[in-house]
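Data block below; observations after.
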Amino acid sequence: MTRKTNPTHIGGQRRIFATSLLLAAGLTLTGCGAGTNAQSGSTVPADTGAPATITFMEAMSSGAQKTALAKMTKDFMDKNPNIKVQLQDQPDYGTLQTKINAQTAAGTPPTIAQVYGSWADEFAASQVIVPLDDYAAKSDQYQNFFAGIKKDMKLADGKTWMWPFNKSVVVQYFNPTMVPAAPKTWDEFAATAKAASTGNTVGLSIDPGSSSGPAGGTAFFEILAESMGDPVFAADGTPQFTKDGAVKAMDYLVRMKKDGSLVLGTNYPGQAALGGGTGAFDVSSVASYPFNLKAVGDKFKLGVAALPSGPKGPANQLAGTNIALFSKSSDAEKAAAWKYMQFLTSPEEMAYWSATTGYLPVSKDAMAQPVFKDYAAKTPFVSDATNQLDSATPLPPKSWVNKASGALAQAIQAAVNGSSSSRDALTAAQDSAMKAMKGSQ
């Protein structure tokens with residue numbers, strides 16, 4: 001099954017990055033875009049009601065995500081007839097990043113685009129996006145965002161550079177005919193997966209991805225390492241792959257592989273196995289829920305629960321993208337884009353977005369909307385998952401993080417497949433990650 005529009009590297013909701021970095025030379029030439037706010041962005045353009053056409057480059061190109069965004073955009077334009085929004089959907093996040101980079105280097109960036117923090121880190125350094133602190137200060141919505149969401153909108157300089165859009169955390173999906181009760185600890189998870197691994201059934205299938213595109217298995221490892229005591233990245237983005245928590249997490253996966261309860265695969269293998277009746281678990285984002293439901297069909301009632309806890313307590317990863325406003329835009333375009341961005345995160349629209357796509361609303365106000373309440377009544381795990389937006393940890397918004405996570409993907413492949421010990425695989429990944437970090441500074 002092909003589903004390339006899910007923006008994290010969490011299982012069914014991958015965080016796919018292109019390997020190429022920004023075209024530095026081109027960005028230097030285009031950093032001083034047209035318009036009075038091109039470099040500082042310190043003034044929020046007034047909404048004069050003048051006609052404006054804006055472009056939104058995004059990767060919501062299929063399924064419920066495409067349908068929902070198209071409806072929301074049409075509703076916005078119906079309410080604001082002076083503004084035309086052109087959705088420029090891309091098939092996946094690698095293509096999205098490549099397209100943004102190319103257009104920005106050519107001096108023709110979109111008005112707004114979906115971005116990850118690591119992308120925004122380079123865009124901000126090259127002054128091709130607008131800081132949004134003054135915008136947020138004028139927004140009634142900002143104060144109602146979850147604390148974790150507000151933190152995720154910032155870069156290391158402490159400034160707000162992004163506006164939230166499609167956010168998620170990770171849950172465990174399971175087949176209740178194989179799993180009597182959702183495991184509460186990772187030890188219980190491993191024991192349950194081993195017990196379920198008989199015949200053609202394997203407890204868990206994961207896809208670590210590759211050096212250029214870390215996928216859900218790598219995110220699973222990153223969460224596991226944090227729950228074992230050590231996040232794989234320090235707060236400033238420094239890789240710390242050889243710390244005890246990371247080694248324990250790798251040993252955990254190796255043990256599961258040896259006892260027959262873990263296999264590595266590609267293209268959402270956990271979801272495919274769960275739907276095919278040959279897998280007990282899928283560890284994936286909440287945005288995978290509609291896809292897992294479709295895969296399972298009427299074979300069984302899909303079980304969903306919060307992730308288990310490790311020796312150091314629970315851990316989760318805040319995933320998904322934000323929206324950046326590009327500085328090349330005119331004041332009229334910036335004003336129109338800002339109006340549209342606020343519309344997308346309004347409680348009513350966020351509630352609809354969540355109930356339709358499986359992504360989480362970014363404010364508590366949205367949880368009070370009838371459409372979200374109805375959705376949560378049918379899917380009780382969603383309310384708990386939404387509340388985790390305050391505690392889930394995003395990957396540091398540094399340009400080298402994706403390449404470093406790619407080194408982790410290679411380490412998982414090597415250790416789990418037995419070509420290297422856990423520590424040796426992680427040491428090699430640490431060396432590669434440090435080179436990536438130093439090369440980006």
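The table that follows gives values for the structure above.
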{"quantity": "Residues of the range 262-285 satisfying the condition of being part of a strand (DSSP E or B) and crowded, with 21+ Cβ neighbours inside 10 Å", "calculated": "LEU262, GLY279, ALA280, PHE281, ASP282, VAL283, SER284, SER285"}
{"quantity": "Test: LYS294 is within 24 Å of ASN166 (Cα to Cα) and either surrounded by fewer than 21 Cβ atoms within 10 Å (Cβ to Cβ) or out of contact with any Cys (no Cβ under 7 Å at 6 or more places or on another chain) (or both)", "calculated": "yes"}
{"quantity": "Criterion (of a type in the set (S, T, N, Q), in a loop (DSSP other than H, G, I, E, B) and open to solvent by 10 Å² or more (accessible area, probe 1.4 Å)) met by exactly one of SER419, SER383, SER329", "calculated": "SER419"}
{"quantity": "Number of positions in the range 286-326 that are among the hydroxyl-bearing types (Ser, Thr, Tyr) and either more than 16 Å from the chain's Cα centre (by Cα) or in a loop (DSSP other than H, G, I, E, B) (or both)", "calculated": "1"}
{"quantity": "So LYS364, is it more than 16 Å from the chain's Cα centre (by Cα), of a type in the set (D, E, K, R) and at pLDDT 95 or above", "calculated": "no"}
{"quantity": "Residue in the range 426-433 that is under 18 Å from ILE223 (Cβ atoms) and open to solvent by 10 Å² or more (accessible area, probe 1.4 Å) present", "calculated": "no"}
{"quantity": "Among the candidates THR177, THR185, residue that is within 25 Å of LEU274 (Cβ to Cβ), β-branched (Val, Ile, Thr) and out of contact with any strand residue (DSSP E or B) (no Cβ under 7 Å at 6 or more places or on another chain)", "calculated": "THR177"}
{"quantity": "Tabulated pairs, the range 186-202, first of a type in the set (A, V, I, L, M), second assigned to a helix (DSSP H, G or I), C-beta under 9 angstrom, 6+ apart or interchain", "calculated": "ALA190/TYR252; ALA190/ARG255; ALA190/MET256; ALA193/MET256; VAL202/ALA193; VAL202/ALA196; VAL202/ALA273"}
{"quantity": "Unique residue being surrounded by fewer than 21 Cβ atoms within 10 Å (Cβ to Cβ) and within 20 Å of ALA306 (Cβ to Cβ) when the list is GLY229, GLY217", "calculated": "GLY229"}
{"quantity": "Complete set of residues in the range 232-247 that are assigned to a helix (DSSP H, G or I), surrounded by 19 or more Cβ atoms within 10 Å (Cβ to Cβ) and either without any contact (Cβ under 8 Å) to a residue 24 or more places away in the chain or not small (Gly, Ala, Ser) (or both)", "calculated": "VAL247"}
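The values are calculated or read from the model by the stated rules, or taken from the named source; none is laboratory data. Computed from a prediction, not measured in an experiment: that's the story for all the values here. Glycine also receives a Cβ, built like all others from the backbone with ideal geometry; neighbour counts cover every protein chain displayed. Surface accessibility is based on the protein's heavy atoms, side chains included, excluding ligands, DNA and RNA. Shrake-Rupley method; radii C 1.70, N 1.55, O 1.52, S 1.80 Å.
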